[in-house]
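A.B. asks: The structure's right below; bear with me while I get my questions together.
The values are calculated or read from the model by the stated rules, or taken from the named source; none is laboratory data. The structure presented is a predicted model; accordingly, all values stated were derived computationally and were not measured. No Cβ is skipped: glycine too gets one built from the backbone with ideal geometry, and neighbour counts run over all protein chains shown.
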Amino acid sequence: MTLLEKLPPVRGKYIEAAPLKDITWLRVGGPADVLFIPADEADLARFLAETPDEIPVHVLGAGSNTLVRDGGVRGVVIRLGPGFAKTEALEGHRLRAGAGALDKMVAKAAAKAGLAGMEYLVGVPGTIGGALRMNAGCYDQETSDVLVEAVALDRSGRRIVVSPDELAYAYRHCSAPEDWIFTEAVFQGTPDAPAAITERMDAITARRETTQPIREKTSGSTFANPDPPGTPNQRKSWELIDSVGGRGLTVGGAHFSEQHCNFLINDGSASAADLEEVGETVRARVREQYGIDLRWEVRRIGVPAEE
Ligand SMILES: Cc1cc2nc3c(=O)[nH]c(=O)nc-3n(C[C@H](O)[C@H](O)[C@H](O)COP(=O)(O)OP(=O)(O)OC[C@H]3O[C@@H](n4cnc5c(N)ncnc54)[C@H](O)[C@@H]3O)c2cc1C
């Protein structure tokens, strides 16, 4: 019996042996056994309820924080499609957004509705699902600051509505069980003129253009900073990487960016193994020199090529 034959009928789409390198920013890695694009939340809930527990299930957003290993991903990878991309202004200066909506589209929807506070999302190239899981943020703002509630489905398809407190957010960390799939969220804004909000968003975009290699095959910050923002004498990953000679360090087609040395870059010929190896080399140097264990912020999924 093939994996596809074990999966329940759905209204969305199944794709067998789906190449994941095409839908992740780093552009590396092998295929998913099956890629599932659910039609909507009810379709996803049914899939989760009826898919046998032993079949691994993994959710992917825009793939801007994910490294797929060269051997690909066993089981089913779920990608939230257009059925999860809606945004809607609510009463009380709030905005509802589907977990498949791109962060920058949500930022633009908030600006159009005259809701300040979500400008930072214009600088994060992921989806709302990824932002909820990673507590994405930049320039002193993060997702938990504006989150009112999130909706998730657990592995059995049960719908759960949670507050940010229940998710115990911290810097780039969310305590939701790993098998929860966020489907939508409500954010709190404060009223402001759309033109003023758009101006702040443009400033964020301009700042990123000059400080980050945003047109490369990358996944943003490779390692989380050892200390959260606001910590006195905060230790920053890029400084540690720089001080152990990580800037520009190369393995095969992978290197740490010269422009922003916490960003890993695929020059077009890298394998996932190259990227992991250059990352682990820097981690080992930092551990040896400072006794600090850098935490991978990039999520690594799948199996190496040999397996
Ligand atoms: C050029 C560049 C710049 C970046 N700058 C920033 C930055 O300034 N700040 C920042 O925080 N990040 C930054 N990132 C990293 C990345 O954009 C964020 O982590 C983003 O939130 C990831 O969203 P995604 O949809 O791409 O997630 P993915 O990479 O697809 O997934 C990341 C994790 O989220 C999980 N996930 C995705 N969707 C869901 C869902 N619906 N429910 C549950 N879990 C889900 C995945 O399983 C995975 O564990 C940058 C990345 C790049 C490439």
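A.B. asks: Which number in (1) free of Cβ contacts under 8 Å to residues at least 60 places away in the same chain; (2) closer than 19 Å to R172 by Cβ; (3) not basic (K, R) marks the one condition that A224 misses?
C.D. replies: Failing condition for A224: (1).
A.B. asks: Scanning segment 172-199 for residues that are farther than 22 Å from V57 by Cα and surrounded by 16 or more Cβ atoms within 10 Å (Cβ to Cβ), which turns out farthest from the chain's Cα centre (by Cα)?
C.D. replies: Ranking the qualifying residues of segment 172-199, first place goes to D192.
A.B. asks: Moving on to the next point. Residues P232, P213: which one is within 16 Å of the ligand (Cβ to nearest atom), outside any helix (DSSP H, G or I) and either of a type outside the set (A, V, I, L, M) or at pLDDT 95 or above (or both)?
C.D. replies: It is P213.
A.B. asks: Specify which of the listed residues (A273, A195, A203) is in contact (Cβ under 8 Å) with a residue 60 or more places away in the chain and either of a type in the set (A, V, I, L, M) or in a loop (DSSP other than H, G, I, E, B) (or both).
C.D. replies: Only one candidate qualifies: A273.
A.B. asks: Restricting segment 56-96 to residues that are assigned to a strand (DSSP E or B) and among the small types (G, A, S), which is farthest from the ligand (Cβ to nearest atom)?
C.D. replies: Out of the qualifying residues, it is A89.
A.B. asks: Any idea which residue in segment 144-178 is modelled with the lowest pLDDT, counting only those that are part of a loop (DSSP other than H, G, I, E, B) and within 9 Å of the ligand (Cβ to nearest atom)?
C.D. replies: It comes out as R172.
A.B. asks: Just wondering, is there one or more residues in segment 289-297 that are free of Cβ contacts under 8 Å to residues at least 24 places away in the same chain, over 23 Å from the mean Cα position of the chain (by Cα) and not assigned by TED's automatic domain parsing to the domain that holds L67?
C.D. replies: Restricting attention to segment 289-297, the residues satisfying the condition of being free of Cβ contacts under 8 Å to residues at least 24 places away in the same chain are 291, 293.
Now drop any that are not over 23 Å from the mean Cα position of the chain (by Cα), which leaves 291.
With not assigned by TED's automatic domain parsing to the domain that holds L67 added as a condition, the list becomes 291.
Scanning segment 289-297 turns up at least one residue that is free of Cβ contacts under 8 Å to residues at least 24 places away in the same chain, over 23 Å from the mean Cα position of the chain (by Cα) and not assigned by TED's automatic domain parsing to the domain that holds L67.
A.B. asks: A further question on this structure: Determine, yes or no, whether F187 is part of a strand (DSSP E or B), of a type outside the set (S, T, Y) and either more than 10 Å from the ligand (Cβ to nearest atom) or in contact with a Pro (Cβ under 7 Å, 6 or more places away or on another chain) (or both).
C.D. replies: So F187 passes the test.
Yes/no matrix, rows are residues, columns are (1) under 27 Å from T218 (Cα atoms); (2) out of contact with any strand residue (DSSP E or B) (no Cβ under 6 Å at 6 or more places or on another chain):
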site: I78; (1), (2): yes, no
site: P82; (1), (2): yes, yes
site: E91; (1), (2): no, yes
site: R94; (1), (2): no, no
site: G100; (1), (2): yes, no
site: A107; (1), (2): yes, yes
site: A111; (1), (2): no, yes
site: V122; (1), (2): yes, yes
site: G129; (1), (2): yes, no
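A.B. asks: Report, by residue number, each residue of segment 97-110 that is away from the ligand (no atom under 16 Å from the Cβ) and either over 12 Å from P191 (Cβ atoms) or in contact with a Lys or Arg (Cβ under 6 Å, 6 or more places away or on another chain) (or both).
C.D. replies: Residues satisfying the conditions are K108, A109.
A.B. asks: Does N266 meet the test of being within 16 Å of the ligand (Cβ to nearest atom) and out of contact with any Lys or Arg (no Cβ under 6 Å at 6 or more places or on another chain)?
C.D. replies: no
A.B. asks: Given the criterion in the same structural domain as D192 (by TED's automatic domain parsing) and surrounded by fewer than 23 Cβ atoms within 10 Å (Cβ to Cβ), identify the matching residue among E50, E41, E91. It would help to see each step written out before you state the result.
C.D. replies: Details: E50 fails: in the same structural domain as D192 (by TED's automatic domain parsing); E41 fails: in the same structural domain as D192 (by TED's automatic domain parsing).
Exactly one of E50, E41, E91 is in the same structural domain as D192 (by TED's automatic domain parsing) and surrounded by fewer than 23 Cβ atoms within 10 Å (Cβ to Cβ), namely E91.
A.B. asks: Also: Quickly run through segment 216-229 and pick out the residues that are within 14 Å of the ligand (Cβ to nearest atom) and touching a helix residue (DSSP H, G or I) at 6+ places or on another chain (Cβ under 8 Å). Please lay out each step first, then the result.
C.D. replies: Filtering segment 216-229 down to residues within 14 Å of the ligand (Cβ to nearest atom) leaves 216-225, 228-229.
The answer is S221, T222, F223, A224, N225.
A.B. asks: Could we say that R283 is closer than 29 Å to G30 by Cβ and buried (at least 17 other Cβ atoms within 10 Å of the Cβ) here?
C.D. replies: So R283 fits the description; yes.
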